[in-house]
1. Taking 7 Å along the Cα-to-C-beta vector as the label spot, tell me the ALA78-ALA127 distance in nanometres, rounded to one decimal.
2. Just want the answer: with Cβ charges of +1 for Lys and Arg and -1 for Asp and Glu, which residue in LEU134, ALA78, ILE35 is farthest toward the dipole's positive end in the chain?
3. Based on DSSP, what percent of beta bridges with both residues in the chain are antiparallel, to the nearest 5?
4. Decide, for region 3-97, between rounded, prolate and oblate: order the square roots of the alpha carbon gyration tensor eigenvalues as a ≥ b ≥ c, take rounded if a/c falls under 1.5, and otherwise choose prolate if a/b is larger than b/c, else oblate.
5. Compare the peptides 112-119, 84-91, 23-30, 96-103 by average per-residue count of other Cβ atoms within 10 angstrom and give them in order, highest first.
6. Sorted by packing (mean other beta-carbon atoms within 10 Å per residue), highest first, where do 4-11, 61-68, 158-165, 135-142 land?
7. Kindly identify region 59-128 as rounded, prolate or oblate by the Cα gyration tensor criterion: order the square roots of the eigenvalues as a ≥ b ≥ c, call it rounded if a/c is under 1.5, otherwise compare a/b with b/c, prolate if a/b is larger, else oblate.
8. Treating the angle as unsigned and between 0 and 90°, give the value, to the nearest 10°, between the Cα long axis of helix 113-134 and the longest Cα principal axis of the chain.
Amino acid sequence: MLKSLPPCDAAALIDAGHAMLIDVREADEYAARHIPGSLSMPLSLANGGVLACGHDCSLIFTCQTGRRTSSNAGRLLARVPGGSAWVLEGGVEAWARAGLPLAGRETASRLPIMRQLQIATGLLVLASVLLSILLAPGWIALAGLVGVGLSVAGTTGWCGMAHLLAAMPWNRRATA
């Protein structure tokens, strides 16, 4: 299990050259706002290879709030030889609250892919239920398909809808 590390302690380790920060958020989230010097390695693109940063160096994983890294701790730790790794407590949001520097561009007009995904899946399930009540019971199958897609995404880390949303014109510039 990965232990959490408060932002100020993480910053001290990074500044001293004893740690490297790995950001597991999607590319658009990283582009909008990230910790300077962090490496972008989205969970959705993780190839399962070994991650290392050298002798006397730990890896610190981060996401927006720390929930994504905590829920994928086992998967992330499996990629670190010797298990010298941490989760940034509170993620990028806690880093910002601690007054530590951030980089990237804020894109207030563009929602992160994960929020777009949540909106799209919610609307698909709602539409499916309403259509099955108002038109034909067969429409409930759409809700089942959404459930299967979410289950596959949760177990494998690969989400087809997220990739589809990333390819949309309003997201192309953010992920380039």
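1. 3.5
2. Among LEU134, ALA78, ILE35, the one farthest towards the positive end of the dipole of the chain is LEU134.
3. On the way: 1 of 14 bridges.
Around 5 percent antiparallel, to the nearest 5.
4. On the way: a/c = 1.44, a/b = 1.06, b/c = 1.36.
Note, shape of region 3-97 comes out rounded.
5. Details: 112-119: 17.6, 84-91: 22.5, 23-30: 24.2, 96-103: 12.2.
Result, highest mean Cβ count within 10 Å first: 23-30, 84-91, 112-119, 96-103.
6. Numbers: 4-11: 18.8, 61-68: 21.2, 158-165: 16.0, 135-142: 11.8.
The peptides rank, most packed first, as 61-68, 4-11, 158-165, 135-142.
7. In terms of gyration-tensor shape, oblate.
8. The two axes meet at around 20 degrees.
Coordinate-derived values only; no laboratory data. Bear in mind that the values here come from a model prediction, so they are computed numbers and not experimental data. All Cβ positions, glycine included, derive from the backbone under ideal geometry; neighbour counts span all protein chains shown.
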